Amino acid sequence: MRLALVLIVAACGAEAVPTDTQAVCPSPDPRTFGYTLADTPGCTGTPAQCNFGKTFMDTYCINCHSSALPRSQRNGAPLYHDFDTFLGVMQVANHIDQQTGFGPNARNAFMPDGQNGRCPSVAGGPLDVDCPEPTAEERTDLAVWLACERDRPHQF
Ligand code: HEC
């Protein structure tokens, strides 16, 4: 599985190893993207943009990476990489960037990492569907959002 992934990624001209995208948040932070409207006060984007972080994680990640799932139901996703909360995302924001973000320095498409592209259709379920794949634009937005979010004040 790992070899096939590397070959596919190499064929696309992407980085073969997880690499910092070095995406930067525009200055001053335009607050276009948020985790949710409630978590990102002063968000200036559309509702979809202001709910971007949670929507992204819910769509692509939490069926394996959730604090509600014991090890046996995670399809191999490591413990303490739980993306069902904003805090969980921010605790490993740099890892998420390196696995999933597109930016000036790297195009990382390592996640979502099913087995042979298969993912669970429900949280903790068997690998019963083709993994939904973020678009290039979503991966780019993810990296910028994380870069902005790292510089914002939080009260976790
Ligand atoms: C099919 C289940 C599954 C899904 C869905 C999934 N992952 Fe993973 N994830 C894994 C597995 C298995 C590993 C450990 C093996 C590896 O690193 O390839 C992992 C590891 C990781 C790591 C840790 C890598 C490291 O070594 O530091 C990060 C970060 C991560 N995933 C992010 C994500 C993000 C972001 C998404 C959604 C876009 C996602 N994953 C979706 C299964 C999944």
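At-a-glance table
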| read-out | value |
| --- | --- |
| Residues (near the ligand (Cβ under 10 Å from one of its atoms) and touching a helix residue (DSSP H, G or I) at 6+ places or on another chain (Cβ under 7 Å)) located in the stretch 38-80 | PHE56, MET57 |
| Enumeration of residues in the stretch 57-82 that are assigned to a helix (DSSP H, G or I) and of a type outside the set (Ser, Thr, Tyr) | MET57, ASP58, ARG71, GLN73 |
| Subset of the stretch 19-41 that is open to solvent by 60 Å² or more (accessible area, probe 1.4 Å) and either of a type outside the set (A, V, I, L, M) or part of a helix (DSSP H, G or I) (or both) - its residue that is modelled with the lowest pLDDT | PRO41 |
| Number of positions in the stretch 107-128 that are open to solvent by 50 Å² or more (accessible area, probe 1.4 Å) and either assigned to a loop (DSSP other than H, G, I, E, B) or more than 9 Å from the ligand (Cβ to nearest atom) (or both) | 9 |
| Any chance ARG71 is open to solvent by 70 Å² or more (accessible area, probe 1.4 Å), out of contact with any strand residue (DSSP E or B) (no Cβ under 9 Å at 6 or more places or on another chain) and modelled with pLDDT of 95 or more | yes |
| Qualifying residues in the stretch 83-106 (those that are open to solvent by 30 Å² or more (accessible area, probe 1.4 Å), part of a loop (DSSP other than H, G, I, E, B) and within 14 Å of the ligand (Cβ to nearest atom)) - the one nearest to MET57 (Cα to Cα) | ASP84 |
| Pairs with Cβ under 7 Å, 6+ apart, first in the stretch 33-44 and free of Cβ contacts under 8 Å to residues at least 40 places away in the same chain, second open to solvent by 70 Å² or more (accessible area, probe 1.4 Å) | LEU37/PRO47; CYS43/LEU37 |
| Any hit, the stretch 45-65, residues being of a type in the set (Gly, Ala, Ser) and without any contact (Cβ under 8 Å) to a residue 40 or more places away in the chain | yes |
| Members of the stretch 133-152 found to be closer than 20 Å to GLY88 by Cβ, more than 10 Å from the chain's Cα centre (by Cα) and not in a helix (DSSP H, G or I), listed by number | ARG152 |
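The values are calculated or read from the model by the stated rules, or taken from the named source; none is laboratory data. None of the values given here were measured: they were computed from a predicted structure. With ideal geometry, Cβ positions are generated from the backbone for all residues, glycine too; neighbour counts draw on all protein chains shown. Only protein heavy atoms, including side chains, enter the accessible area calculation; ligands, DNA and RNA are left aside. Shrake-Rupley method; radii C 1.70, N 1.55, O 1.52, S 1.80 Å.
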